[in-house]
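Remarks on the structure that follows.
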Amino acid sequence: MWNKPQLMTAVADLLLAAAAAALLVAATVWVARLPHFTLTQIVVTHELTEVKRADVERAVAGLLRGNFFSFNVDALRQSLEKISWVRHAEVRRRWPSSLEVRIEEHQPVAFWGEGTGQLVNTHGEVFAAVMTVPKAMPLLHGPLAVAPDMLGYYREALDMLRPIGRTPKTLTVSPRLAVQLKLDDGMVIELGRQQPKVPIRLRLQRFVENYPSVLTVAKARPSVVDMRYPNGFALRLAAAPAAATGTESKGKQ
């Protein structure tokens, strides 16, 4: 070995690198323990509507261990996301002694299910929470897996029904994925299942186009309008359970 200067040089370089690394680790540990890096505040970056200060304080309780360098920001993020109104949370260190918290709240747009205490947010996600100030919203009811699609159906129906002055209040999807709308005047529209050749949108558009005819044929507001026929519709009057048939009465989809 002593006769191999290149090998000796490589070993010396390796020892120096190891010593430098050890000094760096020691310096980092020493600096991290200095009182100057003790966490002094948690800053929420924007105003919150439903999430309260007490909710955040409960989420933080028991987690404020360590300092600026050693604090577990991921644990705090997970704790914040357990708050019912929090959809997503981000926690970042802010030099030299603070934590910056950004919270995305759920924005409710509909109730979910019958008396379940659940809501639907703008992404079509179902969550459980209680609104501080209750507001009028539509009701969506159906299989949880299709909640995003249901919100899409509702938004589409809201736009399409606007020209006739009607508003969807309840949208129901059956276990077989058949769609039903209940309007603000109590009228129920049966739209059936989504199909490539006859999509739900076309059936609803046909209802809008024939809305004056629906009222004329029925001579009263029908309780149910069945749009599952390929070229027509069927009506059910509130006072008479027997159906009055429109253009065609066969071939439900």
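The values are calculated or read from the model by the stated rules, or taken from the named source; none is laboratory data. On a predicted model such as this, the values are computed, not experimentally measured, just so you know. Positions of Cβ are generated from backbone atoms using ideal geometry, with glycine treated the same way; all protein chains shown enter the neighbour counts.
Quick notes on this one:
- Residues satisfying the stated conditions in the stretch 188-208, i.e. in a helix (DSSP H, G or I) and in contact with a strand residue (DSSP E or B) (Cβ under 8 Å, 6 or more places away or on another chain): Ile200, Arg203, Leu204, Phe207
- Residues that are of a type in the set (Gly, Ala, Ser) and in contact (Cβ under 8 Å) with a residue 40 or more places away in the chain were ranked within the stretch 106-146; the one that is farthest from Val173 (Cα to Cα) is Ala129.
- Of note, Leu204 does not satisfy the criterion of being under 20 Å from Arg166 (Cβ atoms), modelled with pLDDT under 90 and surrounded by 15 or more Cβ atoms within 10 Å (Cβ to Cβ).
- Test: Leu99 is outside the structural domain of Arg77 (by TED's automatic domain parsing) and either of a type in the set (A, V, I, L, M, F, W, C) or within 24 Å of Arg53 (Cβ to Cβ) (or both): no
- With respect to the conditions (1) in a helix (DSSP H, G or I); (2) hydroxyl-bearing (Ser, Thr, Tyr); (3) more than 20 Å from Pro199 (Cβ to Cβ), Tyr154 lacks only one, and its number is (3).
- The one condition in (1) under 21 Å from Gln194 (Cβ atoms); (2) in contact (Cβ under 8 Å) with a residue 24 or more places away in the chain; (3) touching a Ser or Thr at 6+ places or on another chain (Cβ under 9 Å) that Asp149 fails to fulfil: (3)
- Residues that are modelled with pLDDT under 80 and either of a type in the set (S, T, N, Q) or assigned to a strand (DSSP E or B) (or both) within the stretch 209-245 comprise Ala243, Ala244, Thr245, listed in sequence order.
- Strands (runs of 3 or more DSSP E) completely within the stretch 74-135 that count 2 or more residues being touching a strand residue (DSSP E or B) at 6+ places or on another chain (Cβ under 9 Å) and either among the polar types (S, T, N, Q) or buried (at least 19 other Cβ atoms within 10 Å of the Cβ) (or both): 86-94, 98-105, 108-112, 118-121
- Every pair of residues 6+ apart whose Cβ atoms lie under 7 Å, when the first sits in the stretch 37-56 and is among the aromatic types (Phe, Trp, Tyr) while the second is at pLDDT below 90 and in a loop (DSSP other than H, G, I, E, B): Phe37/Asn67; Phe37/Phe68; Phe37/Phe69; Phe37/Pro96; Phe37/Ser97
- Subset tally (residues that are exposed (fewer than 15 other Cβ atoms within 10 Å of the Cβ) and assigned to a loop (DSSP other than H, G, I, E, B)) for the stretch 49-62: 4
- Of the residues making up the stretch 131-168, those that are over 20 Å from the mean Cα position of the chain (by Cα) and either β-branched (Val, Ile, Thr) or closer than 24 Å to Glu50 by Cβ (or both) are Ile164, Thr167.
- Residue in the stretch 69-80 that is more than 19 Å from the chain's Cα centre (by Cα) and aromatic (Phe, Trp, Tyr) present: yes
- Residues satisfying the stated conditions in the stretch 157-168, i.e. surrounded by fewer than 16 Cβ atoms within 10 Å (Cβ to Cβ) and in contact with a Leu (Cβ under 9 Å, 6 or more places away or on another chain): Thr167
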